[in-house]
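Working notes for the structure below.
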Amino acid sequence: MFAVEVYAAVRRYVHLEGNSQRDAARVFGLSRETISKMCRFSIPPGYTRTKPVGKPKLGTLLPVIDTILEADRTAPVKQRHTAKRIFERLRDEHGYGGGLTVVKDYVRIARGRQRETFVPLAHPPGHAQADFGEAIGVIGGVR
């Protein structure tokens, strides 16, 4: 990956100064294809996977893990399964031959999906939000 400074210098050299991409490739010592990509995108494009990572050993046991985690939602906190305990159960009860890290990664993601997500409310100065409701209050014995 190239530094952002090089990226900006190449774009400045080609777009603002009006030099050719071929000339920029020679000056900066980069391939013409690289210079072309740098000119095409305003910021460096990040890497994205084309398909999710395969889990050949764990794939068939994903429903088992989901069942364990679903049952843990109603259990007391101290009695819930840890990722290591889930790994041990998979190994002992289902003959899982994979590693602990793969199980830990999946459990972390699965627990994150189960959690409720809250978006904090933030209002800029000068703006407010009001919630009008009805309630019966008893203050000092008087309704």
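The values are calculated or read from the model by the stated rules, or taken from the named source; none is laboratory data. Computed from a predicted structure; not experimentally measured. Because the Cβ atoms are built from the backbone with ideal geometry, glycine has one as well, and the counts that use them run over all protein chains shown. Just the protein is used for accessible areas: all its heavy atoms, side chains included, with ligands, DNA and RNA removed. Shrake-Rupley method; radii C 1.70, N 1.55, O 1.52, S 1.80 Å.
A few remarks follow.
- Taking 0.36 nm per residue of sequence separation and removing the Cα-Cα distance, the T67/F28 pair yields an extension gain of 8.4 nm.
- Set of aspartates and glutamates near K78 by C-alpha distance (under 17 Å), chain-local residues within fewer than 8 positions excluded: E70
- Treating each Cα of segment 59-113 as one equal point scatterer and applying the Debye formula with no solvent, the log10 of I(q)/I(0) at q = 0.26 Å⁻¹ comes out as -1.13.
- Reachable lysines from K51, criterion Cα separation under 25 angstrom, eight or more residues apart if same chain: K37, K104
- Solvent-accessible surface of the chain, averaged per residue with a 1.4 angstrom probe and all protein chains in place: 81 square angstrom.
- Residue among A110, A130, A24 with the largest mean-square fluctuation in a Gaussian network model of the chain, springs linking Cα atoms under 10 Å: A130
- Using distinct alpha-carbon pairs, which all enter the 1/r mean, Kirkwood radius of the chain in Å: 22.0
- Most to least packed among 26-34, 99-107, 60-68, 46-54 [average Cβ atoms within 10 Å]: 99-107, 60-68, 26-34, 46-54
- Residue-averaged 222 nm ellipticity for the chain, from DSSP H runs of 4+ at -39500 (n - 2.57), nearest 500: -13000 deg cm²/dmol
- The accessible surface of the chain, taken with every protein chain in place and a 1.4 Å probe, is 56 percent carbon and sulfur.
- Net lengthening on full extension, L100/A128 (0.36 nm per residue, minus Cα-Cα): 5.1 nm
- Helix axis angle, 83-94 relative to the chain longest principal axis, alpha carbon, degrees: 80
- Taking the chain and dividing mean pair separation by its residue count, relative contact order in percent (alpha carbons under 8 Å, at least six apart): 14
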